[in-house]
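J.: Have a look at the structure that comes next, please.
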Amino acid sequence: MKANLVFFLFLFDLEIRHVFTDFYSSIETLTQLSQNELKLVSALRRFIVTQEKQEEDVDKFLKQFLRSTEGTVSEKGIDNPIDAFHLLRRWVEDWQKCFDIVICPDCDMNGPHIDFNLTRGIVEKRIGGWPQKTDLDAAVSAIFRLWNFYQFDLHKFLHGKIFEFETEPFTPADVIYIANKAEEFNNMYNSIQFLETLLDELKKGKFPNSHVTPTTLSRIIAAAYNRYDMPGKSVEILKECTKAEPGNKRLHNDYDYFKTRAASISKLENVTAFDKAEAEDNMTRDYENLCRGSLKSPKELSRLFCYYKATDDPFYFVKTELANLQPRIFLFHDIISDDEIVFLRNISEKQLSRSTTMTKQGMIGSEDRISHTAWLSDLDFLELKKLTLRVKLITGLETEFRTRYSNTEEYQILNYGVGGMYKPHVDPLSDRSIFPGECRGSGDRIATIMFYLSHVMYGGATVFPNIKTRIPVQKGSAAFWYNLELNGEIDQRMLHAGCPVLVGSKWVSNKWIRERGQMFKRPCGLKKKSKERRL
């Protein structure tokens, strides 16, 4: 009987291990990981208790890891890069090590072993796979991206603080791991910055229980500079250490080696590496600045205003904010209710899959777009039909959804991941072969309305770099703009992007309105460069 059960568990394991989901690209999937981790902790606790009652030896790592989960593992949502890193590192490294210890080919698969393996299999099937090393690498990349974009205090960040937000801090070992990853990614600047910040904190005594000493870390930093052909900096870093520890032979050997190597490399070459990193950083500075805050001048801001917009329904007025004058971008406030938001998010959660972008190889997942997507049809839900009618009232455009020659596309629901973003792009689709079936023959995306379905504490704004416009995430509001000029050409001024999400879970819903049906709703301009005069 026991042999049959073990064989069943083996088959069950084979069945679920072919499933793969990337978890980092959706905060919702990370939250599901967090909620299911408690089941693994309970199973590990049962295993240890049972083994100890039976006077069996328990591996020290299992006990230490179980103690480390106390106070850190909970059902709370994962809404920031620090918690995401800790969570993914546990799943990718620590839990895998637990399984390797408990479930091994030479082990006697008794009751506790079977229970632990069964729990693991159930959890893995429930979450649709298992986090991979690529998820953890992506979380580390997100940390670098967010720091580059938002320039938060790195000293505070190591202690779990992002502006006013606070969570579990990093350990020195975590920081060294992150810095090593930066080096793997050929990100010299970030690797050095993280290590030097950690060194400052160690010298201040901010990590009192650390097994990493300032001298050990100084040697790591010096070695990193040397690998980047900057041995002169390596000498500077180790100079004070050698005076403080005259008997440390390894330290002095490193110091002598770096001095010899520095003599053979000119100062100009030493500086060039950092200058190159700074030059590359300048290439994206304008985009990053817009994500941090508005770039409009006081004069431009003074021309923007709010008002109540009339609709075809004489009793329905919309709270409207003019976000940009030319081309016009509008922000409609309190346009979707909390109940509708809950409905959209609940219905789409089970349908979420990795967002894709158009490439020469077709529609594939890309680091240009870090999110999960679901599509909901107006024909399937009465609530969506009502929302689409509201869009018609607000915009004055035809929005009826049909199975052929539709005026609009289905609702696209998005949940962003760790540092989730969408790089600058325009919404019209140049390749008509990828048009959804119901929209073939309906023309291109004449307009976009984007509903914000959540609050975000920091980051996540929608920005238009070419016109210096920034729209922060505001739950219940919707942004609206035209993608095509009055002559039918793509309006390149409407290039826009989703800024990286720093703290929070960003949910949005897009509704794209097609050219079909808008002939008398938005007539062509009389001149090639006619300006938009209406909504």
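J.: Among the listed residues L136, L118, which satisfies the condition of being buried (at least 20 other Cβ atoms within 10 Å of the Cβ), on the phi < 0 side of the Ramachandran plot and not in a loop (DSSP other than H, G, I, E, B)? Give the steps one after another, and end with the answer.
T.: On the way: L118 fails: buried (at least 20 other Cβ atoms within 10 Å of the Cβ).
None of the others qualify; the one that does is L136.
J.: Under 9 Å by Cβ, and 6 or more places apart or on different chains, what pairs join a residue from segment 435-458 that is more than 19 Å from L387 (Cβ to Cβ) and part of a helix (DSSP H, G or I) with one that is modelled with pLDDT under 95 and not aliphatic (A, V, I, L, M)?
T.: G437/T403; G437/R404
J.: Here's something else I'd like to know. Could you check G476 against (1) in a strand (DSSP E or B); (2) small (G, A, S); (3) closer than 18 Å to D334 by Cα and say which number it fails?
T.: Condition (1) is where G476 drops out.
J.: Looking at D153, D94 in this structure, which one is open to solvent by 30 Å² or more (accessible area, probe 1.4 Å), under 20 Å from S42 (Cβ atoms) and either at pLDDT 95 or above or of a type in the set (S, T, N, Q) (or both)?
T.: Details: D153 fails: under 20 Å from S42 (Cβ atoms).
None of the others qualify; the one that does is D94.
J.: Now for a different question. Identify, please: which residue in segment 181-231 is open to solvent by 20 Å² or more (accessible area, probe 1.4 Å) and among the small types (G, A, S) and is, among those, nearest to Y150 (Cα to Cα)?
T.: Filtering first and then ranking leaves G205.
J.: Restricting the search to segment 314-373, which residues are at pLDDT 95 or above, within 26 Å of the chain's Cα centre (by Cα), surrounded by 14 or more Cβ atoms within 10 Å (Cβ to Cβ) and among the acidic types (D, E)?
T.: Across segment 314-373, the qualifying residue is only E340.
J.: Something else: Name the pairs whose Cβ atoms lie under 7 Å apart, with the first residue in segment 161-177 and in a loop (DSSP other than H, G, I, E, B) and charged (D, E, K, R), the second at pLDDT 95 or above and open to solvent by less than 60 Å² (accessible area, probe 1.4 Å), and 6 or more positions between them or separate chains?
T.: E168/I82; E168/D83; E168/H86; E168/G160
J.: Kindly indicate whether V92 is β-branched (V, I, T) and within 26 Å of F157 (Cα to Cα). Before you say what the answer is, go through the steps one by one.
T.: Details: β-branched (V, I, T): yes; within 26 Å of F157 (Cα to Cα): yes.
When the stated conditions are applied, V92 passes them.
J.: Tell me, which helices (runs of 4 or more DSSP H) lie completely within segment 291-400 with 3 or more residues that are among the basic types (K, R)?
T.: Working: elements: 298-302, 338-349, 382-395.
Answer list for segment 291-400: 382-395.
J.: Looking at segment 193-214, which of the residues that are among the β-branched types (V, I, T) and modelled with pLDDT under 95 is nearest to G71 (Cα to Cα)?
T.: Residues of segment 193-214 among the β-branched types (V, I, T): 197, 212-213.
Retained after the next criterion (residues that are modelled with pLDDT under 95): 212-213.
Working: V212: 24, T213: 26 Å.
Selected residue: V212.
J.: Being in contact (Cβ under 8 Å) with a residue 40 or more places away in the chain and more than 22 Å from A323 (Cα to Cα) is true for just one of L429, L486. Which residue is that?
T.: Answer to the selection: L429.
J.: Quick one: what pairs do we get from segment 49-64, first residue open to solvent by 70 Å² or more (accessible area, probe 1.4 Å), second not charged (D, E, K, R), C-beta under 9 Å, 6+ apart or different chains?
T.: What qualifies is E52/V58; Q54/N110; Q54/P112; E56/T50; E56/N110; E56/P112; D57/Q51; K63/I48.
J.: Can you tell me how many residues within segment 430-449 are surrounded by 17 or more Cβ atoms within 10 Å (Cβ to Cβ) and farther than 30 Å from N80 by Cβ? Quick ask: steps written out before the conclusion?
T.: From segment 430-449, those surrounded by 17 or more Cβ atoms within 10 Å (Cβ to Cβ) are 435, 438-439, 442-449; that's our starting set.
Restricting the remaining residues to those that are farther than 30 Å from N80 by Cβ gives 435, 438-439, 442-447.
Going through segment 430-449 one residue at a time, the tally reaches 9.
J.: Hey, another quick one. Being closer than 28 Å to L217 by Cα and surrounded by 20 or more Cβ atoms within 10 Å (Cβ to Cβ) narrows it down to one of A173, A84, so name that one. Give the steps one after another, and end with the answer.
T.: Working: A173 fails: surrounded by 20 or more Cβ atoms within 10 Å (Cβ to Cβ).
From the options A173, A84, the qualifying one is A84.
The values are calculated or read from the model by the stated rules, or taken from the named source; none is laboratory data. The shown structure was predicted, so the numbers you read here are calculated from the model rather than taken from an experiment. Heads up, the Cβs are rebuilt from the backbone with ideal geometry, glycines too, and the neighbour counts pull from every protein chain shown. We work out accessible area using only protein heavy atoms, side chains counted, and drop any ligands, DNA or RNA first. Shrake-Rupley method; radii C 1.70, N 1.55, O 1.52, S 1.80 Å.
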